[in-house]
Amino acid sequence: IFSALALGCPAGLPSCLRTPNRSSHSHCFCTAFANMRTICGLAAVAAALRLSRSGGVVGGEEDVVLRQPKSDPRTYKYTTLANGLKVLAVEDPTATKSGFAMAVEAGSFDDPEELPGLAHFVEHMLFLGTEKYPHESDYDNFLNKHDGKNNAFTAQEKTVYFNEIATDALDEGLDRFAQFFIAPLFTASAADREVNAVNSEHLKNIPDQFRKTWSLLRSLAKPGSPVHKFYTGNLESLKLIPEKKGIKNVEAMKQLHKDHYCSDRMHLVIFSKLNVTQQLHMAENHFSAVKKGSCVPKKDYAAVAPFDASNVGQLIRMGTSSAPQLWM
């Protein structure tokens with residue numbers, strides 16, 4: 001799996017990659033990052049982290065087989081914290097910055113039926129204040145001061161948060177990042193503003209022909225399959241319609257975080273010129289406080305086949321429309 005480090009940024013990262021019209025965040029796509037090798041490699045590894053185990057000892061590295069190309073000069077070390085959170089440390093003596101990413105085994109398939117796009121909304125909100133660092137801009141301001149950047153994306157069954165930062169600020173950066181998974185605030189005031197950022201992202205996606213085709217394909221899936229869902233969310237699905245039904249989106253986000261953001265469903269990757277022992281020590285210091293919690297059982301999303309003889313073999317003509325856009 002470590003060949004993912006050399007892949008660069010995935011060509012079609014799913015729902016989020018936050019929009020550039022947000023005052024507190026920079027460009028949404030990977031092209032905005034200077035250190036592509038570090039940040040995109042981390043995201044790819046974190047999203048693909050499925051290491052084979054020959055045993056079952058929590059916290060032991062001896063039961064994990066790390067397959068590494070002979071030409072790869074990096075050093076890797078993998079462990080599982082006492083709370084079940086998996087950590088991969090990557091030491092690269094040539095790295096000019098450090099990076100870290102978290103893949104959470106939760107995504108758009110876990111959206112409640114009454115709130116399409118909620119997992120994506122949660123992803124946005126984790127950047128906007130925690131109990132330890134309550135100001136909405138604390139995290140971004142810290143990264144900006146230390147030559148750092150961050151982003152995230154929500155896929156169907158995973159959400160990935162990825163960051164880069166100057167190495168001398170890595171320890172504090174990890175402390176701030178860990179709070180996303182320990183005690184996020186989900187304030188109503190931030191939610192009222194951030195839902196507009198999610199809505200803007202949806203509007204930005206509408207003219208995209210690939211997304212149109214992908215959405216059309218999903219719309220043909222059987223209603224009982226999660227493939228049929230609207231993943232991104234917008235103002236109607238996340239605020240206006242729920243409010244008419246008496247549903248509070250803030251409480252729903254807190255519940256989704258509680259139900260799906262448990263430590264044993266998280267995969268952390270750290271990438272730095274610091275040695276792997278130092279990196280794992282930082283991970284244990286900052287992420288051991290993530291609660292194992294009581295996540296709801298993972299659903300079998302393959303239980304309902306999205307397509308069968310009843311909904312394939314159709315010829316669909318799709319028109320086009322465009323909207324003027326100015327990207328700066």
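The values are calculated or read from the model by the stated rules, or taken from the named source; none is laboratory data. Computed from a predicted model, the values in this text were never measured in an experiment. Glycine also receives a Cβ, built like all others from the backbone with ideal geometry; neighbour counts cover every protein chain displayed. Please note that ligands, DNA and RNA were not included when accessible areas were found on the heavy atoms of the full protein model with its side chains. Shrake-Rupley method; radii C 1.70, N 1.55, O 1.52, S 1.80 Å.
Tabulated results
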| item | result |
| --- | --- |
| Anchor Lys70: lysines whose Cα lies under 21 Å away (excluding residues fewer than 8 positions away in-chain) | Lys273 |
| Exposure rank, largest accessible area first [Asp300, Asp138; 1.4 Å] | Asp300, Asp138 |
| Ordering of 120-133, 277-290 by packing [mean C-beta count within 10 Å, highest first] | 120-133, 277-290 |
| Area accessible to solvent at Thr94, 1.4 Å probe radius, in Å² | 100 Å² |
| Solvent-accessible area of Ile182 with every protein chain in place, 1.4 Å probe, in Å² to the nearest 10 | 50 Å² |
| Apportionment of accessible area to carbon and sulfur, the range 123-227, percent (1.4 Å) | 53 percent |
| Glu172 accessible area, assembled protein chains, probe 1.4 Å, Å² | 80 Å² |
| Restraint check, Lys229/Lys299; Lys204/Lys299; Lys222/Lys298; Lys158/Lys291; Lys149/Lys239, Cα-Cα greater than 23 Å | Lys204/Lys299; Lys149/Lys239 |
